[in-house]
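Single-structure report; data block below.
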Amino acid sequence: MIDRYEREIIIASDKGRLTSVATKAELARFKAAARATALKDRRVNIRLSSGDLSDIQAKALEEGVPYQTLIASVLHKYVTGRLAEPEVKAGVDGPARGRKRRTTATG
(Lines give C-alpha, C1' and ligand atoms only; values in the text may rest on other atoms or scores of the structure.)
Protein backbone atom coordinates (compact mmCIF):
# COMPACT_ATOMS: atom_id res chain seq x y z
CA MET A 1 0.00 0.00 0.00
CA ILE A 2 1.31 3.44 -0.91
CA ASP A 3 1.32 5.97 1.91
CA ARG A 4 0.64 9.69 1.58
CA TYR A 5 4.31 10.66 1.33
CA GLU A 6 4.96 8.12 -1.43
CA ARG A 7 1.87 9.31 -3.31
CA GLU A 8 3.17 12.91 -3.14
CA ILE A 9 6.51 11.80 -4.57
CA ILE A 10 4.85 9.93 -7.43
CA ILE A 11 2.67 12.93 -8.28
CA ALA A 12 5.65 15.31 -8.13
CA SER A 13 7.66 12.97 -10.37
CA ASP A 14 4.81 12.64 -12.88
CA LYS A 15 4.54 16.41 -13.05
CA GLY A 16 8.30 16.81 -13.59
CA ARG A 17 8.92 18.63 -10.31
CA LEU A 18 11.77 16.38 -9.18
CA THR A 19 15.36 16.77 -10.29
CA SER A 20 18.36 14.56 -9.67
CA VAL A 21 21.02 15.77 -7.27
CA ALA A 22 23.53 13.15 -8.45
CA THR A 23 26.57 14.29 -10.40
CA LYS A 24 27.35 12.82 -13.82
CA ALA A 25 30.18 10.79 -12.26
CA GLU A 26 27.85 9.39 -9.61
CA LEU A 27 25.23 8.50 -12.21
CA ALA A 28 27.84 6.70 -14.31
CA ARG A 29 29.02 4.78 -11.25
CA PHE A 30 25.44 3.86 -10.28
CA LYS A 31 24.66 2.71 -13.81
CA ALA A 32 27.80 0.55 -13.92
CA ALA A 33 26.96 -0.99 -10.54
CA ALA A 34 23.38 -1.66 -11.61
CA ARG A 35 24.54 -3.30 -14.83
CA ALA A 36 27.05 -5.50 -12.98
CA THR A 37 24.49 -6.46 -10.34
CA ALA A 38 21.70 -7.12 -12.81
CA LEU A 39 23.83 -9.29 -15.08
CA LYS A 40 22.78 -12.82 -14.31
CA ASP A 41 24.74 -15.06 -16.60
CA ARG A 42 25.01 -18.21 -14.47
CA ARG A 43 22.52 -20.68 -13.05
CA VAL A 44 22.81 -22.55 -9.77
CA ASN A 45 20.66 -25.18 -8.16
CA ILE A 46 20.47 -25.44 -4.39
CA ARG A 47 18.53 -27.62 -2.01
CA LEU A 48 16.65 -25.93 0.81
CA SER A 49 14.43 -27.27 3.52
CA SER A 50 10.71 -26.83 2.86
CA GLY A 51 10.47 -24.57 5.90
CA ASP A 52 13.31 -22.30 4.77
CA LEU A 53 11.86 -22.03 1.27
CA SER A 54 8.42 -21.18 2.67
CA ASP A 55 9.96 -18.51 4.92
CA ILE A 56 11.92 -17.06 1.99
CA GLN A 57 8.81 -17.00 -0.19
CA ALA A 58 6.82 -15.27 2.58
CA LYS A 59 9.58 -12.67 3.07
CA ALA A 60 9.75 -12.09 -0.70
CA LEU A 61 6.00 -11.58 -0.79
CA GLU A 62 6.32 -8.98 2.00
CA GLU A 63 9.07 -7.24 0.02
CA GLY A 64 7.15 -7.46 -3.25
CA VAL A 65 9.88 -9.30 -5.16
CA PRO A 66 10.17 -12.81 -6.61
CA TYR A 67 11.77 -15.22 -4.14
CA GLN A 68 14.64 -16.03 -6.53
CA THR A 69 15.45 -12.31 -6.71
CA LEU A 70 15.45 -12.10 -2.91
CA ILE A 71 17.82 -15.07 -2.65
CA ALA A 72 20.17 -13.55 -5.26
CA SER A 73 20.06 -10.18 -3.48
CA VAL A 74 20.89 -11.67 -0.09
CA LEU A 75 23.77 -13.67 -1.55
CA HIS A 76 25.09 -10.60 -3.39
CA LYS A 77 24.96 -8.48 -0.24
CA TYR A 78 26.74 -11.20 1.72
CA VAL A 79 29.62 -11.66 -0.73
CA THR A 80 30.10 -7.90 -1.09
CA GLY A 81 30.29 -7.44 2.69
CA ARG A 82 27.04 -5.54 3.07
CA LEU A 83 25.37 -8.42 4.89
CA ALA A 84 27.17 -10.30 7.62
CA GLU A 85 26.32 -12.64 10.43
CA PRO A 86 26.12 -10.92 13.80
CA GLU A 87 29.22 -11.56 15.85
CA VAL A 88 28.57 -13.71 18.89
CA LYS A 89 31.15 -13.44 21.64
CA ALA A 90 32.44 -16.46 23.47
CA GLY A 91 31.02 -16.97 26.90
CA VAL A 92 32.77 -18.33 29.94
CA ASP A 93 31.28 -21.78 29.37
CA GLY A 94 31.85 -22.16 25.64
CA PRO A 95 33.56 -21.12 22.43
CA ALA A 96 32.45 -18.37 20.04
CA ARG A 97 29.20 -18.59 18.05
CA GLY A 98 27.36 -20.35 20.84
CA ARG A 99 28.49 -23.85 19.87
CA LYS A 100 28.88 -26.40 22.61
CA ARG A 101 32.16 -28.21 22.93
CA ARG A 102 32.20 -31.93 22.60
CA THR A 103 33.96 -33.66 25.42
CA THR A 104 34.91 -37.24 25.89
CA ALA A 105 34.74 -39.07 29.17
CA THR A 106 37.95 -40.55 30.41
CA GLY A 107 37.88 -43.68 32.53
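The values are calculated or read from the model by the stated rules, or taken from the named source; none is laboratory data. This one's a predicted model, so the numbers in the text were calculated from it and none came from an experiment. Counting neighbours? That spans all protein chains shown, and the Cβs are built from the backbone with ideal geometry, glycine included.
Of Ile11, Ile56, all but one fail to be hydrophobic (A, V, I, L, M, F, W, C), under 30 Å from Val79 (Cα atoms) and at pLDDT 90 or above; the exception is Ile56. Within segment 77-106, the residues that satisfy the criterion of being surrounded by 11 or more Cβ atoms within 10 Å (Cβ to Cβ) and modelled with pLDDT of 85 or more are Lys77, Tyr78, Leu83. Would you tally the residues in segment 58-68 being surrounded by 13 or more Cβ atoms within 10 Å (Cβ to Cβ) and not hydrophobic (A, V, I, L, M, F, W, C)? Residues flagged as surrounded by 13 or more Cβ atoms within 10 Å (Cβ to Cβ) and not hydrophobic (A, V, I, L, M, F, W, C) within segment 58-68 amount to 2.
Annotation: of all residues in segment 14-49 being assigned to a loop (DSSP other than H, G, I, E, B), of a type in the set (Gly, Ala, Ser) and loosely packed, with under 10 Cβ neighbours inside 10 Å, the one that is modelled with the highest pLDDT is Ser49.
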